[in-house]
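In what follows, a single structure is set out as structure tokens and then discussed.
Here, each number is a calculation from the coordinates, and none is a lab measurement. Just so it is clear, the structure is predicted and the values come from calculations on it, not from any experiment. Because the Cβ atoms are built from the backbone with ideal geometry, glycine has one as well, and the counts that use them run over all protein chains shown.
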Amino acid sequence: MKHQTLEQLQIVAEIDQDYPRQAMSRSERLERWAELLDRNPDRRLSTLHQTEYQPARARAAMRGDGSPIAVAFEDPVLRAAGLENDNYGEAKRFFELTDRQLHEIICYCHFGATVSAVTAARHIRAAIAGRQPGMFARMREAFIG
């Protein structure tokens, strides 16, 4: 990799040093995440193990390849809006979720080792609406996926 000064780079490329982050509301960020998951609804995504039992610092650092959070981080729109990585703590901060809301979306205890993308999207939309999925929805997800 060759180091070049800003002036050298401006000869070959336009550089916007004041590139603003894309302003998105909480609902827009969450809806974008759900839409990304809906693009491949049958995809099996990894969950995080026992998020509710981890100390806060360990929980914040939790991540998993192929998790619903990883799907969000793959999106350039959400990264431009400020999503900095694919760990639990960053998802909680960026999407403005409580531990309970994020637990409902990502935790192993609800879905086992994997969760379908469509199920994760449904839980994200429940967080937008400020409600938790009902008992029958949970039973259907447990038995059908």
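Descriptive notes on the structure:
- Among (1) surrounded by fewer than 17 Cβ atoms within 10 Å (Cβ to Cβ); (2) in a strand (DSSP E or B) - the single one residue 115 does not satisfy: (1)
- Within the set 47, 51, the sole residue that is on the phi < 0 side of the Ramachandran plot, in contact (Cβ under 8 Å) with a residue 60 or more places away in the chain and polar (S, T, N, Q) turns out to be 47.
- Residue 42 vs. criteria out of contact with any helix residue (DSSP H, G or I) (no Cβ under 8 Å at 6 or more places or on another chain) and either charged (D, E, K, R) or not in a loop (DSSP other than H, G, I, E, B) (or both): no
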